[in-house]
1. Please state which one of B:Val226, B:Val289 is aliphatic (A, V, I, L, M), under 28 Å from A:Val290 (Cα atoms) and part of a loop (DSSP other than H, G, I, E, B).
2. Mind checking which residues of the stretch B:188-211 are closer than 21 Å to B:Ser3 by Cα, open to solvent by 10 Å² or more (accessible area, probe 1.4 Å) and in contact with a Ser or Thr (Cβ under 9 Å, 6 or more places away or on another chain)?
3. Checking the structure you have, find out if any residue of the stretch B:402-418 is among the polar types (S, T, N, Q), surrounded by fewer than 17 Cβ atoms within 10 Å (Cβ to Cβ) and modelled with pLDDT of 90 or more.
4. Which residue, of A:Arg273, A:Arg292, is out of contact with any Ser or Thr (no Cβ under 6 Å at 6 or more places or on another chain), open to solvent by 10 Å² or more (accessible area, probe 1.4 Å), more than 9 Å from every other protein chain (Cβ to nearest Cβ) and closer than 22 Å to B:Ile453 by Cα?
5. Search the stretch B:494-510 for residues being touching a residue at least 40 places away in the same chain (Cβ under 8 Å) and among the aliphatic types (A, V, I, L, M), and hand back the single one that is farthest from the other protein chains (Cβ to nearest Cβ).
6. Look at A:Val59 and say whether it is modelled with pLDDT of 90 or more, of a type outside the set (Phe, Trp, Tyr) and part of a helix (DSSP H, G or I).
7. Can you say whether A:Gly54 is over 21 Å from A:Glu235 (Cβ atoms) and in a helix (DSSP H, G or I), as far as the supplied structure shows?
8. State whether the residues of the stretch B:393-400 include one that is open to solvent by less than 70 Å² (accessible area, probe 1.4 Å), facing another protein chain (nearest Cβ under 9 Å) and more than 34 Å from the chain's Cα centre (by Cα).
2 protein chains.
Amino acid sequence: MSSDRVIIFDTTLRDGEQSPGISLNTGEKLEIAQQLARLGVDVIEAGFPIASPGDFEAVQAIARQVEGPVIAGLARVHVGDIDAAYGAVRDAERPRIHTFVSTSDIHIQHQLASTREDVKGQARAAVAHARSLVDDVEFSPMDATRSDVEYTAEVVQIALDEGATTINIPDTVGYAMPQEYAAFLGRLYELVPGLRDAVLSVHCHDDLGLAVANSFAGLQAGARQVECAINGIGERAGNASLEEIVMLLHTRAADVAGLHTGVNTREIARTSRLISRLTGYAVQPNKAVVGRNAFAHESGIHQDGVLKERSTYEIMDATTVGLEANSLVLGKHSGRHALKSALEELGYDVSGQTLNTAFKRFKEIADKKKQVTAMDLEALVTDELRDDMRSYTLEWFDVEASTRRPPHATVELRTPDGEVARGDFTGDGPVDAIFRAINAATKREARLREFRIDSVTGGQDALGEASVVLELAGQSAAGQGVSTDIIEAAALAYVRALSNCERRVLAAADTPPVVAAEAELTPTP
Amino acid sequence: MSSDRVIIFDTTLRDGEQSPGISLNTGEKLEIAQQLARLGVDVIEAGFPIASPGDFEAVQAIARQVEGPVIAGLARVHVGDIDAAYGAVRDAERPRIHTFVSTSDIHIQHQLASTREDVKGQARAAVAHARSLVDDVEFSPMDATRSDVEYTAEVVQIALDEGATTINIPDTVGYAMPQEYAAFLGRLYELVPGLRDAVLSVHCHDDLGLAVANSFAGLQAGARQVECAINGIGERAGNASLEEIVMLLHTRAADVAGLHTGVNTREIARTSRLISRLTGYAVQPNKAVVGRNAFAHESGIHQDGVLKERSTYEIMDATTVGLEANSLVLGKHSGRHALKSALEELGYDVSGQTLNTAFKRFKEIADKKKQVTAMDLEALVTDELRDDMRSYTLEWFDVEASTRRPPHATVELRTPDGEVARGDFTGDGPVDAIFRAINAATKREARLREFRIDSVTGGQDALGEASVVLELAGQSAAGQGVSTDIIEAAALAYVRALSNCERRVLAAADTPPVVAAEAELTPTP
């Protein structure tokens, strides 16, 4: 790689997936990882394998099946963490172990109840152990930006001595300012000359709205890896947005001293939609690069004859991020073969029963909607992926809603064991009624924590996409549903969220409680 | 003011309101302006008076009724624009005229079809004319960051010579990088020494995710006014977020050389919710400061006994931005007086018929929902504000939805003229059916452009808030509706959007077509 090539380290599946209410299953994580490979990221941080058996399984599946990017697993400085990370990533073409420990006094004292000397020893042992297992080891002094820089330098020196190949400097709490962050990195280079022979990495949170600016300042100070996430998701205000960093370097290519990435920008819009759909995390209209308005002008200056020169008001071209690559259209007369070809064009290799299900759903939609676009197909396929696991199935429902009497719902489900269950309820609204009817049918006391409906595409016959977050027996999980009927979309989402909750409850029962509690309580970079 | 006091210039009602699909009426703009005054902003840019009679009326109402902040009106360099801006703001305690013209060659050539010399003359005449009307005149060389700095300096010198008191340097297309922007401002100071005696202002767009960082770099370079918007709304990816800039200076107060604002941070969360509700623009969960997750940690480290020291993982306190000020709770037994007091506590002075309507709606909600919180009340009051204008009213509806037959809706409305209209429709989904039934009742061919439902508060009995954007006869407008029944919320939102559309269609018919087209096509800083 040339000296100004920036490594894009995507942490959507690790830091992003830690956002409240996101609960991706292995199939969904695999689909995201495949899309990240298509996008051309250099490293996929696929998860935190010690955190749960589900995390381990997903990281392992990605390591085994996703080609191209380095596959990284996160680990604390404990031997058990590192062994779990190794077990999960070892089958990857190019595996990486990413281990971390806090270096700020506030964390050492309050979180670790440890000492600076002890942390040095732990870092040394962890990197040495990881390096005995894989060649590619990344080390992060967590909360670095609130740490004493001299002490951090000592810890970094130790990590390098033990063979760490990448040193990541996280702004864990999103506290840094650009010049300050650049100065911190500059001082580290002075104190640890050997850092010039490793890859320096940045990992910035957006609590003060500066994640992208801090990451960029880090690159200008010499860093050559950026840790970022699609749509900027992640703990609290999230991580630096992958799409913003990439499009900044792309758009200002002539003015950033050659800094560039290997990302295929035309896959950005589609990746953003996939993440938004699978996590249930909407992107606000005014989000840079991927928001609905990012390329829209209210004032109508796009009209013919007015906009003589596109660059007058646009610094980026919508096609560059793949926004106008959406010409593929199917209709009600399109056959199975056309659907299969269209899906292949979108990168989905669908066959057998999955193709049958997708075709059936496609026909249902095509009956109601004149044109089925690539975005509709993405939503459908994503939706169908969710049904390959132990779960409830919605058979049918009836709902009556009126301003003149309370709404009533009747619903029939099939349980994971194949039995038929029916329930009914009179609620505050039709959605409330159907949700409670599902609770009645399943005899579960799930509590609704969040509910949202978005339209997938514009227009009168748009597909509605419902997102539900439920809480059941202390576990929370999300579910999504897609339909032209929003009540049906809501019911599908509820049933899926309930299924996800139940799997979480079962998984929690399988995990030794001490390990689960400890891993769940682990703060990460 | 001390030399490190930063002037907060809020452009939510001008640049923010130009976002596609936002259509605020005068009552809504007034409510936002009142809340901005409560938040403690220094300047409210209330609109672009020449753009439409509705814009003029709203700026005038704000100038007459909102006390505290400077009230600014935007104007191109034309006499007609400046006279309109003056007419709208003249009754304010402290009026400001903000006039602008492009200085980049690409704009001068392609947008203005003019020359550098001519632009200088226009700027000179405009500032002189504005200064003859008011003492407080702001001048913006539009697209400054893509302009030749020497030429920009000449234009700025002219504006100062003619008496401009604030010079704003817009990054109109969101192209700048922090160091570059600071260097541009630094060079302007060198070329125009008199700039030190005026207020230098920054106005940054977020197309590359750098609006806040660029604004901050501008302050460090000597600017003392920041133009920003609540939730970062505005053209394309929007403006710098007011809340991020303010909380950056607040949180890093010890490290920003005394830079500070006069904003009451405890009003931030409420202002954000109000803007989100009235514009229909959702805030993404991972948005800094005001996103749902900004203060949330997935890992449960907030549990008692684990988080020994709050600052371990939080750099801001949720109460500082007013997020936990939500203790006010009413129930079904609360009376009219309690409601009035609660509303007053929230800053709403409600009496007479409005109080009656609010109380009736409150009782309906309280019947279905155990606890009515401050956030519910905000939503209700905001909702009721919309009904004071010429509009359709929803009388009742019946909807049947089922997986086993097509959904059917019947609806009865009252027209603006007081007549009863009924319609029914069999649609693709219950919402589709009710929307089309409304079209049938009103004999209007409105097209649905966007539709979304969010829950206002968490939990099973949450209020649902629907947002609809419609297009009718070339005009588009938004409407919102709130109810525990999402079908009802959707129907209310549709009816309001339709009413707003009709008002826009009527207003467009009243406006001379040449002026309307020209103003609508005007790009702004």
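1. Values: B:Val226 fails: part of a loop (DSSP other than H, G, I, E, B).
Selected residue: B:Val289, the only one of B:Val226, B:Val289 that is aliphatic (A, V, I, L, M), under 28 Å from A:Val290 (Cα atoms) and part of a loop (DSSP other than H, G, I, E, B).
2. Those that are closer than 21 Å to B:Ser3 by Cα, open to solvent by 10 Å² or more (accessible area, probe 1.4 Å) and in contact with a Ser or Thr (Cβ under 9 Å, 6 or more places away or on another chain): B:Ala198, B:Val199.
3. Yes, the stretch B:402-418 contains at least one residue that is among the polar types (S, T, N, Q), surrounded by fewer than 17 Cβ atoms within 10 Å (Cβ to Cβ) and modelled with pLDDT of 90 or more.
4. None of the other options fit; the residue is A:Arg273.
5. Only one residue fits best here, namely B:Ala507.
6. yes
7. no
8. The answer is yes, given that some residue of the stretch B:393-400 is open to solvent by less than 70 Å² (accessible area, probe 1.4 Å), facing another protein chain (nearest Cβ under 9 Å) and more than 34 Å from the chain's Cα centre (by Cα).
The values are calculated or read from the model by the stated rules, or taken from the named source; none is laboratory data. If you're wondering where the values come from, they're calculated on a predicted model, not measured in any experiment. Note that each Cβ is placed from the backbone with ideal geometry, even for glycine, and that neighbours are counted across all protein chains shown. Note: areas computed on protein heavy atoms with side chains; ligands, DNA, RNA excluded. Shrake-Rupley method; radii C 1.70, N 1.55, O 1.52, S 1.80 Å.
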